[in-house]
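Before any comments, here is the structure.
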Amino acid sequence: MNKPIMLLRSMLFYLLYMLIVFVFGLISTISGPFLGYLNRHRLLTTAGMLINRALSLTCGINVQVDGLENVPHTPCVILSKHQSTWEVFFLQRLFMPVSTILKQELLKIPFFGWGIRLMHPIAIDRSNPRQAMKQVMQQGTQRISEGNRVVIYPEGSRIPFGKIGKYGRSGAALAIAAGVPIIPVAHNAGYCWPARQLMKRPGTIHVIIGKPILVTPESNSQAVTEQVKDWIETQQLRLADQ
């Protein structure tokens, strides 16, 4: 597909994307106080589902998920590769109900942030790592005790497809403190939806969900983080060869 057509289709997608975010952000802001948490989650993740369908229709991007049977029906900590905006809304639907660790600035975005706020995220100040870690541990254990899964992007910010960022230990530390397993997730969303770029590439976003990594109170967060990193980056090499 030539670039002018890809650019045109990408612009059409963003029109639909903004319309969906506006409509669901407005609906959730009005109806949120009258809905229970799970119903708010269902409402807002429907927006993510529609965004994904718009992406398929306009840009020819489809999704394949392998390993969904590895996700327990109980709370867990999900450590995922972070490459684009795509996984932010897709994982919310896939692992519902879930609380996501995200930068607090996102909550200030009109409509989008208003909706995200209703899903009990853990919004951190990345300029203050010590306070951010404290928030992750305190609010993360609370969310898990309430029956939620917690999604953490251990590299912190979006990393281009094919690159490796520095893996933080907060996800492993939270799983150890809460006594829940870790579910590692690899994907190639950054190839089809590159961060900070308008144009989308047609293709298939392939998501691979790994088997649970079990932890104990005696587990070392650094060693567990390295185990997670090794699994994710091994899968990333496989995805790069596709």
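The values are calculated or read from the model by the stated rules, or taken from the named source; none is laboratory data. This is a predicted model, so every value here is computed, not measured. With ideal geometry, Cβ positions are generated from the backbone for all residues, glycine too; neighbour counts draw on all protein chains shown. Areas reflect the complete protein model, heavy atoms only, side chains present, ligands, DNA and RNA absent. Shrake-Rupley method; radii C 1.70, N 1.55, O 1.52, S 1.80 Å.
Of all the numbered requirements in (1) at positive phi; (2) open to solvent by 60 Å² or more (accessible area, probe 1.4 Å), residue 128 misses one, and that requirement is (1). Filtering the range 189-236 to residues that are under 15 Å from residue 173 (Cβ atoms), in contact with a Phe, Trp or Tyr (Cβ under 9 Å, 6 or more places away or on another chain) and open to solvent by 70 Å² or more (accessible area, probe 1.4 Å) leaves only 226.
The lone criterion from (1) outside any loop (DSSP other than H, G, I, E, B); (2) more than 18 Å from residue 80 (Cβ to Cβ); (3) in contact with a helix residue (DSSP H, G or I) (Cβ under 9 Å, 6 or more places away or on another chain) left unmet by residue 110 is number (1). Yes or no: the range 75-89 includes at least one residue that is on the phi < 0 side of the Ramachandran plot, surrounded by fewer than 19 Cβ atoms within 10 Å (Cβ to Cβ) and without any contact (Cβ under 8 Å) to a residue 60 or more places away in the chain. No: zero hits.
Listed residues 179, 156, 140, 162; which is open to solvent by 30 Å² or more (accessible area, probe 1.4 Å), more than 18 Å from residue 229 (Cα to Cα), out of contact with any Asp or Glu (no Cβ under 9 Å at 6 or more places or on another chain) and among the small types (Gly, Ala, Ser)? Criteria check complete, one pass: 179. Under the condition of being in contact (Cβ under 8 Å) with a residue 12 or more places away in the chain and under 21 Å from residue 86 (Cα atoms), the residues counted in the range 197-228 number 13.
So which residues in the range 160-188 are more than 23 Å from residue 67 (Cβ to Cβ) and in contact (Cβ under 8 Å) with a residue 60 or more places away in the chain? Matches in the range 160-188: 160, 170.
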